[in-house]
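The values are calculated or read from the model by the stated rules, or taken from the named source; none is laboratory data. Just so it is clear, the model here is predicted, and its values are computed rather than measured. Cβ sites come from the backbone with ideal geometry, for glycine too, and all protein chains shown count toward neighbours. Calculation scope for accessible area: heavy atoms of the full protein, side chains included, ligands and nucleic acids excluded. Shrake-Rupley method; radii C 1.70, N 1.55, O 1.52, S 1.80 Å.
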Amino acid sequence: MKTTLDGVGYDSVPEVLPVIPTMDVVVFPHIIVPLLVLDEKIITGINQSLEQSKTALLLAAKNTLDTNGAIGTDDLYTMGTVASIMRVIKIPEGGIKILVQGIYKARAIEIIAQIDSLYAKIEKIAEKEVEAQVLQEPIAHIKYIAEHMASSGSSFSPDFHIILSKMQEPDKIADFVLSHLTLTVQQAQALLELDNQKDFIEQLCRHLRQEIDATEIQEKIRASARESMNEAQKEYYLREQLKAIKRELGDDEAEEMEAMREKLQILPLPDATRKEISRQISRLERTAAESLEAVVTRNYLEWIFSLPWGIQSEDNLDIVRAREILDEDHYGLEKIKDKILDFISIRKLKQDGFTPILCFIGPPGTGKTSLGKSIARSLGRAYIRISLGGVKDEAEIRGHRRTYVGAMPGRFIQAIRKAGSCNPLIVIDELDKIGSDFRGDPSAAMLEVLDPQQNQSFYDNYLGIPFDLSKVIFVATANDLTTISGPLRDRMEVIEVSGYSLEEKRSIAKKHLIKKAIADTGLSQEQVTFSDDLIDDIIVSYTRESGVRQLDRLIHTICAKIARNLVEKDTLVSITPDTIELHLGARIFLSDLHDHINQIGISNGLAWTSCGGEILKIEAVLMPGKGKLLLTGQLGEIMKESAQAALSYARAHAKDFGINPSLFTTQDLHIHLPAGAVPKDGPSAGISLLTAILSALTDRPINAHYAMTGELNLRGEIMPIGGVKEKILAAKRNNMTHIILPNKNKKDLLGIEDAVQGIDIVFVDHANEVLERVLLPNSTRKMRRT
């Protein structure tokens, strides 16, 4: 062959031909195809070919395009078809339309890109000769498929089977089937590159079978959709059709479902948990999207994937920094601070060390809740607070079952989601105020939460799968330990947060409360001055609390008065003990001298309440009667029994105290505790009751400078009691100079040395030791005798 571009016939096609790239189509030999050409370089080559051989090389373009959408020489397949240019039509908008017919297959050995044209040096591809007998089986199979298509009514066209049945030549049959198939560029190019006619026809047969299968599936989908419809479902036709498509394809995973499954694979979950979540995803796929069940399941899966599975914040184990933060936020509370520093030390030596479950017991306003926040800050953990005061529904702890749309997990799972980590610090506030009713007992549900051996697989009714709570630091707060069930107390390490003494309150006010109040009211440190005398006056005259909450309010009130005076009169007012009543009103608690007058039948008892310690005035009086014991003041059963035990001891030892036995049959004894609207109970008033009874029976006054507490048995022994620090602080608030405590409570003074300063503590083992100290001689009256 010649290598020039001179015109030649089909039998002598030149070795160099212009190239026409084809998009989305592969041209085969014998096939006639219309093409649209817009590129000027390609049009130039076509015009030159029309003047000579009227042939060109058709090369299909791959799917790779550059950023401008243009086709490069590397984007073309090298195997193509030499085609004759049968007709050319110019388009007014630019470009040309050509009609080409494939002649034979050829390979582009070299593609030559010139400035104004594109050519290729070609090599003709000759197909291998195949005997006619070899082609009989694939040709017969093609005709069988065509006949099956005609009988099922899924033929490409009404005449497809008829025309094909009359054809005998393999080439014509192949061209006819090829013209009816819908192939991708890659599939068609693979057919073009086959060099064996038998392989070519077999591949055509395979593609024809796939086309038939696709047609049958579409028909099956339409039939399935029609069968599933009824009069009430017509508006869901498209939805049913989509579901049928998914079932036939075996691909039930929508984009959202696929995203859920992908996320499920990367979550660090146990196999049983992963299996259950996967089951719920499959259940959602099978459920109609508009049904309530789908809404419930979708909400459930959203909760599952929003939980921080395996995500933990790293603890800050700098023990010096932790000590600074704890001291900065809270004054005193050394026992609790030491416990936290112990935990940090253990965690630094052993990463998987135990996680404490603490319970702070103490009066209101002593900083229990805020202490939990400081612990979280010192450790660098997320802080979550859960208040259980008044909670009566067990579902608040364990979650609601997924039986309705509004179901939700319990408060602890919600807290974990909010924290964003599996190891936050959760403060369980007001644990002692959990209630119970027909909806269950939340305190019993708390047993699993606060048990280190069980909360590794905490079961929430909503989740339905175990969740690990063992990494969480739980800090519970309560005012009264007695209202917490025994099993629940056993699971926690109880730490007592006692009330503050006058000195401690003064320090807290100077270090924390005053600074906060000044900042909250928009003042500056230079504009406000609180002297120690002023702070002490506020504490003594306006507050009778164990904590500092009321003190904080009063300091805010004073700062607010200063701010108002500054705004209205543009002057700064100085607050002193002499002017404090102008701003806070009359003093509430005045020094009552009567409290320190020695009287007959009135003793000072010490009591502990959830709000701190208090002084109880126990009054006893004799009156004519028949030996009855009258008890008033809304006393509980235990206190009534203590009064009866004290009277029995007095009667048993009447001779020792010089009491005429007939008094117990001719006189009634009335014992009263003022503040009758306030319930009172407990055994610790036994010695106080005995002192008041004996004072009334002997007409001997009681030393009013003594306050006492202790449980009394029938042998006169003084038994230990609780709430020692609160009772000492209550005595100091009431200016008592002496306190009588059971000798077995001496150990309770360890660590509270500051609280006992300025007061005389007397430890006793027997009632006689108390009576010798507090019963004064009768100097004004004779001993009552009858």
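Couple of notes before you dig in:
Condition check ((1) within 60 Å of the chain's Cα centre (by Cα); (2) modelled with pLDDT of 85 or more; (3) among the β-branched types (Val, Ile, Thr)) across all residues:
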| site | (1), (2), (3) |
| --- | --- |
| Arg87 | no, yes, no |
| Gly95 | no, no, no |
| Ile98 | no, yes, yes |
| Gly102 | no, yes, no |
| Glu131 | no, no, no |
| Leu135 | no, no, no |
| Ile162 | no, no, yes |
| Lys166 | no, no, no |
| Leu181 | yes, no, no |
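- Selection within the range 22-43: residues that are over 14 Å from Val82 (Cβ atoms) and open to solvent by less than 40 Å² (accessible area, probe 1.4 Å). The member of this set that is modelled with the highest pLDDT is Leu35.
- Number of residues in the range 615-658 that are closer than 30 Å to Asn735 by Cβ and of a type outside the set (Phe, Trp, Tyr): the value is 20.
Conditions tested, residue by residue: (1) under 26 Å from Asp432 (Cβ atoms); (2) open to solvent by 40 Å² or more (accessible area, probe 1.4 Å); (3) modelled with pLDDT of 85 or more; (4) touching a helix residue (DSSP H, G or I) at 6+ places or on another chain (Cβ under 8 Å).
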site: Asp490; (1), (2), (3), (4): yes, yes, yes, no
site: Ile514; (1), (2), (3), (4): no, no, yes, yes
site: Asp537; (1), (2), (3), (4): no, no, yes, no
site: Tyr542; (1), (2), (3), (4): no, no, yes, yes
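- Selection of the range 54-74 for residues being at pLDDT below 80 and open to solvent by less than 40 Å² (accessible area, probe 1.4 Å) yields only Gly72.
- One residue from Ser524, Ser498 being touching a helix residue (DSSP H, G or I) at 6+ places or on another chain (Cβ under 8 Å) and crowded, with 21+ Cβ neighbours inside 10 Å: Ser498
- Number of positions in the range 90-111 that are loosely packed, with under 15 Cβ neighbours inside 10 Å and in contact with a Lys or Arg (Cβ under 7 Å, 6 or more places away or on another chain): 3
- Going through (1) in contact (Cβ under 8 Å) with a residue 12 or more places away in the chain; (2) open to solvent by 10 Å² or more (accessible area, probe 1.4 Å); (3) not hydroxyl-bearing (Ser, Thr, Tyr) one by one, Ala704 falls short only on (2).
- Number of the condition not met by Arg506 [criteria: (1) within 26 Å of Trp608 (Cα to Cα); (2) not in a helix (DSSP H, G or I)]: (2)
- Some residue of the range 185-194 being β-branched (Val, Ile, Thr), modelled with pLDDT of 75 or more and either touching a Leu at 6+ places or on another chain (Cβ under 9 Å) or loosely packed, with under 15 Cβ neighbours inside 10 Å (or both): no
- Options Lys368, Lys350; residue that is over 17 Å from Ala478 (Cβ atoms) and not aliphatic (A, V, I, L, M): Lys350
- Of all the residues in the range 722-747, those that are without any contact (Cβ under 8 Å) to a residue 60 or more places away in the chain and buried (at least 22 other Cβ atoms within 10 Å of the Cβ) number 4.
- Single condition Phe354 does not satisfy, out of (1) out of contact with any Phe, Trp or Tyr (no Cβ under 9 Å at 6 or more places or on another chain); (2) touching a residue at least 60 places away in the same chain (Cβ under 8 Å); (3) of a type in the set (Phe, Trp, Tyr): (1)
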